[in-house]
1. Condition first: more than 16 Å from the ligand (Cβ to nearest atom) and crowded, with 21+ Cβ neighbours inside 10 Å. Now tell me which residues in region 108-134 satisfy that.
2. Counting only residues that are away from the ligand (no atom under 16 Å from the Cβ), closer than 25 Å to residue 329 by Cα and touching a helix residue (DSSP H, G or I) at 6+ places or on another chain (Cβ under 8 Å), how many does region 367-404 have?
3. Considering only region 159-170, state which residues are closer than 11 Å to residue 215 by Cβ and within 14 Å of the ligand (Cβ to nearest atom).
4. Is there a residue in region 155-163 that is without any contact (Cβ under 8 Å) to a residue 60 or more places away in the chain, buried (at least 24 other Cβ atoms within 10 Å of the Cβ), farther than 22 Å from residue 3 by Cβ and in contact with a strand residue (DSSP E or B) (Cβ under 6 Å, 6 or more places away or on another chain)?
5. From the list 292, 236, 265, pick out the single residue that is away from the ligand (no atom under 16 Å from the Cβ), in a helix (DSSP H, G or I) and over 19 Å from residue 406 (Cβ atoms).
6. Starting from residues that are surrounded by 18 or more Cβ atoms within 10 Å (Cβ to Cβ) and not in a strand (DSSP E or B), keep the ones in region 461-470 and report whichever is farthest from the ligand (Cβ to nearest atom).
7. Inspect all residues belonging to region 197-206 and state whether any of them is in contact with a helix residue (DSSP H, G or I) (Cβ under 7 Å, 6 or more places away or on another chain), over 26 Å from residue 30 (Cβ atoms) and surrounded by 21 or more Cβ atoms within 10 Å (Cβ to Cβ).
8. Select from region 170-191 the residues that are part of a loop (DSSP other than H, G, I, E, B) and either in contact with a helix residue (DSSP H, G or I) (Cβ under 7 Å, 6 or more places away or on another chain) or over 17 Å from residue 110 (Cα atoms) (or both) and list them in ascending order.
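Here, each number is a calculation from the coordinates, and none is a lab measurement. Since we're looking at a predicted model, the values are computed, not measured. No Cβ is skipped: glycine too gets one built from the backbone with ideal geometry, and neighbour counts run over all protein chains shown.
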Ligand code: NAD
């Protein structure tokens, strides 16, 4: 079991390694130093992963699943230390759907991934032809992750990769390397050597991972722009890719919804992780009949939800993780204000407050072409757009290049289902948003990416199909 202090010691790089300080986005203070790994370090990690892979792949699904279960136990034993580090580095509060929740999701996802059955599929057996599909390991998987849910998204990449007999080299975001290094320290207490290596480097390390001839597949979660760069870097080696990219999810609230009854779920559908979540509500379309009532109910929830330093137990919302993201949110809210949109709450950051805190912000009476609606704000600012014609609202919801998630809010589930079928998004939730589950496939459409994670589909994505017939 690690304590917070012992975790910090465990991730301290050996003397002679180049390092840089990692800042706590809530205070501006230093958490600790992170190593600056190089492309040479990456080469060594890929070689170790390549060497370790055949004996790992030779184990049965059952044996590998048992190892995943053991890593889940190891995470649970060190859960509080991991959450303390995650909160300090990423900024998210310990409580609410934040740091402790994220660490809990890591072990839960490992256990669920270990439990999935994946037998060869007999596709034809008609007396004349017999054909079955197997899923062979890809080999070495390169994983590249973002800074918003650094541990959980790392597990989404690691768990199915290992389960399928692959080994993993993972490059975390430059903003949150400590959390992922610490997660790997804990997992490597039980994993055989060479199966999981974290290389805390910059873009050049990511680009090399995406072009490396010994890497069979890249799992990428991050922005659409970087996703496109990865497609280009991976082209020469025809690598397999799973791309979980940016979103700008719409939610449509129908006139029969009860504003007070849905306000909490709507709020957290938008503001989970202080809005820094890929599949969060980023555009809220509300029917004119209940527009004011929904705005009032959301304002009440916003005012009652405390934001502050993550390690203070009462807080449920935190800072933006980095200055770049803070500047995006500030720019988009300023543009909305200048356009004449009405700020219901927030929009007024305190320049004397240390850290990257931007207050919870609700913006009403805003046009659909406003940048706060059209661009992914990825922070605690939600535009609320009034509609009167449902077909038009669906058209607006479908009007962007992004297509990750969407949701429909109504007391009539059948009607909500019919609307869901018309929405261009990889996941559509009814009376919820972003409710992911390790057994339910998740992935984007349009420029939100391709490939599925989770469940059986997620396991298959980490294998190479092989058909044996005759
Ligand atoms: P980002 O694209 O800036 O960075 C992601 C990772 O890519 C980092 O590790 C970065 O170092 C690396 N990278 C940068 N340039 C690279 C290159 N040329 N080649 C290879 N790797 C490179 O994304 P971010 O700002 O960390 O994350 C926020 C974005 O991620 C948002 O758009 C959000 O919607 C998206 N996201 C999507 C999902 C999903 O499941 N679809 C989940 C979380 C976040």
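1. Correct list: 110, 113, 114.
2. First, the residues of region 367-404 that are away from the ligand (no atom under 16 Å from the Cβ): 367-370, 383-399.
From what is left, the residues that are closer than 25 Å to residue 329 by Cα are 367-370, 383-387, 393, 396-399.
From the residues that got through so far, the ones that are touching a helix residue (DSSP H, G or I) at 6+ places or on another chain (Cβ under 8 Å) too are 367-368, 370, 383-387.
The total comes to 8.
3. Just the residues of region 159-170 that are closer than 11 Å to residue 215 by Cβ, to begin with: 166-169.
Result: 169, single match.
4. Step one: filter region 155-163 for residues without any contact (Cβ under 8 Å) to a residue 60 or more places away in the chain, giving 155, 158.
So of that shortlist, the ones also buried (at least 24 other Cβ atoms within 10 Å of the Cβ) come out as 155, 158.
Narrowing further to those that are farther than 22 Å from residue 3 by Cβ: 158.
Narrowing further to those that are in contact with a strand residue (DSSP E or B) (Cβ under 6 Å, 6 or more places away or on another chain): 158.
There is at least one residue in region 155-163 that is without any contact (Cβ under 8 Å) to a residue 60 or more places away in the chain, buried (at least 24 other Cβ atoms within 10 Å of the Cβ), farther than 22 Å from residue 3 by Cβ and in contact with a strand residue (DSSP E or B) (Cβ under 6 Å, 6 or more places away or on another chain).
5. Details: 236 fails: away from the ligand (no atom under 16 Å from the Cβ); 265 fails: over 19 Å from residue 406 (Cβ atoms).
Testing whether each residue is away from the ligand (no atom under 16 Å from the Cβ), in a helix (DSSP H, G or I) and over 19 Å from residue 406 (Cβ atoms) leaves just 292.
6. From region 461-470, those surrounded by 18 or more Cβ atoms within 10 Å (Cβ to Cβ) are 461-463; that's our starting set.
Now drop any that are not not in a strand (DSSP E or B), which leaves 461-462.
Values: 461: 13, 462: 16 Å.
So the residue we want is 462.
7. Initially, region 197-206 is screened for residues in contact with a helix residue (DSSP H, G or I) (Cβ under 7 Å, 6 or more places away or on another chain), giving 197-201, 204-205.
So of that shortlist, the ones also over 26 Å from residue 30 (Cβ atoms) come out as none.
No: zero hits.
8. Initially, region 170-191 is screened for residues part of a loop (DSSP other than H, G, I, E, B), giving 172-176, 188-191.
Result: 172, 173, 174, 175, 176, 189, 190, 191.
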